[in-house]
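The values are calculated or read from the model by the stated rules, or taken from the named source; none is laboratory data. In this text the structure is predicted, and so the values were computed from the model without any measurement. Reconstructed Cβ throughout: ideal geometry from the backbone, glycine too, with neighbour counts over all protein chains shown. Surface areas here come from the heavy atoms of the whole protein model, side chains and all, with no ligands, DNA or RNA. Shrake-Rupley method; radii C 1.70, N 1.55, O 1.52, S 1.80 Å.
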Amino acid sequence: MRLHLLALLAKEPAHGYELKQALEQTFGSAYPSPNIGQIYVTLGRLEKDGLVRAVDVEQSNRPNKKVYYLTAKGREVLEIWVDEPTEGPRVRDEFFMKLVLAPLTGIADRMALISRQRRHYLSLMSDLNELLSRTPPADRVATLLIEGAMLHLQADLDWLERCQEDLA
Amino acid sequence: MNAVVRTVNLVKIYQDGAVPVPAVRGVDLQVQPGEFVAVMGPSGSGKSTLVHMLGGLDTRTSGEIWLDGKRVDTLSESAWALLRRKKIGFVFQFFNLVANMTVGDNVELPALLSGASPKVARRRRESLLAALNLTDRADAAPAQLSGGEQQRVALARALANEPALLLADEPTGNLDSRNTRDVLRLLGDVHKDGQTIVMVTHDARVASLADRVVSLFDGEIVDDGRITRRRTGTAGEVIDLR
């Protein structure tokens, strides 16, 4: 979340709620809405680390609001993040551990584990299909995010099939 | 109500070489009217053989096949051909379109063969081509089309006779994601209208449209259950943007 907020602040200064809205507008309904409390906590930490600075803006009849802007140090950190190669996705390995270890204890059958997991993935995929059909194609960011999730799930299913061929 | 498909201890053993190779080993499967069943499993698990037998494209070694309450595994080849025209639509991984007919005629022909009037067949052709974004390709020859377009034509053709049963073997094997979207939409629509579908697929997007997934392994059904719909998720359940 830290770097997402720095990136948004590099565009223009904003207060916490504006940042929440900007994230929601960018990623659409395809991504869980960020928690406003978490945004304020993160902004507080960024301020403490000197990456952003806050100025109080007076509002009539309301408490002052804090508008945050990026510092030179914040921009440096952001640039390093952008320039670095990004680690690949974490493979969801919890199921694989189950698949390898559970049968050793005699409490589970591999074929049953694989079948249940396959149905779970298909159920997730069915959700994504539905989400995609509700997403206007013009919403490129949300569409690509859903398609990315679908491709990951397809890989999970293909891997499941390989496990079935070799382990079951 | 009769099951659209019912098999009883269905077995297929290939006897090509010296050693008999069992492909399907005792499958009992029932598909109810309007059901969409995805058949999944590793290659060599017997999926294609099973679906080919259901369409009469491969003979069984033993066991029974019933379609719409009628026993069909004992039919002659010509009786099968007649039954397919009337009741079955088939989509293959390779499209098997008639090369010297236009795209439109490829789609219209099965409707005519099944006994539809020319007017009805024409209407069916036009609505299917439109649903698959192929209207402006109607006068082209199949060879002028991309793989994805040919696959969509093959699906339109399989649906042209309004079959009691749609059988498909990897129908999205050649489609990119945009083409897949059209095919998914049409499959979803015809299924909603009550089309019974049995489909072999590796494509999780297609399989997830099904009501039920049947998993084969080594020629046997190892899992048969419904796909639950949750309608709660976001892509965030699969991709965590950190």
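Things to note:
- Qualifying residue in the range A:139-160 (condition: touching a helix residue (DSSP H, G or I) at 6+ places or on another chain (Cβ under 7 Å), among the polar types (S, T, N, Q), under 13 Å from residue A:30 (Cβ atoms) and within 7 Å of chain B (Cβ to nearest Cβ)): no
- The range B:31-81, residues that are of a type in the set (Val, Ile, Thr), open to solvent by less than 10 Å² (accessible area, probe 1.4 Å) and within 30 Å of residue A:162 (Cβ to Cβ): B:31, B:37, B:39, B:51
- Where helices (runs of 4 or more DSSP H) sit wholly within the range A:50-168, those with at least 3 residues that are open to solvent by less than 40 Å² (accessible area, probe 1.4 Å) occupy A:94-105, A:110-134, A:140-167.
- Counting only strands (runs of 3 or more DSSP E) that sit wholly inside the range B:1-104, those with at least 1 residues that are within 14 Å of chain A (Cβ to nearest Cβ) are B:36-40.
- Scanning the range B:133-141 turns up at least one residue that is surrounded by fewer than 23 Cβ atoms within 10 Å (Cβ to Cβ), part of a helix (DSSP H, G or I) and not polar (S, T, N, Q).
- When residue B:211 is tested against (1) within 14 Å of chain A (Cβ to nearest Cβ); (2) touching a Leu at 6+ places or on another chain (Cβ under 8 Å); (3) surrounded by fewer than 18 Cβ atoms within 10 Å (Cβ to Cβ), exactly one condition is not met: (2).
- Residue that is most open to solvent (accessible area, probe 1.4 Å), among those in the range B:109-119 that are farther than 24 Å from residue B:188 by Cβ and assigned to a helix (DSSP H, G or I): B:119
- Look at the range A:133-157: where a residue is hydroxyl-bearing (Ser, Thr, Tyr) and a partner is at pLDDT below 90 and not in a helix (DSSP H, G or I), sitting 6+ places away or on another chain with Cβ atoms under 8 Å, you get A:143/A:135; A:143/A:137.
- The range A:13-49, residues that are in contact with a helix residue (DSSP H, G or I) (Cβ under 9 Å, 6 or more places away or on another chain), more than 26 Å from residue A:137 (Cβ to Cβ) and open to solvent by 40 Å² or more (accessible area, probe 1.4 Å): A:17, A:18, A:35, A:36, A:40, A:45, A:49
- Filtered by the rule that a residue be basic (Lys, Arg) and closer than 14 Å to residue B:202 by Cβ, the range A:122-168 gives a lone residue, A:162.
- Count - residues of the range B:181-196 that are farther than 14 Å from residue B:156 by Cα and among the β-branched types (Val, Ile, Thr): 1
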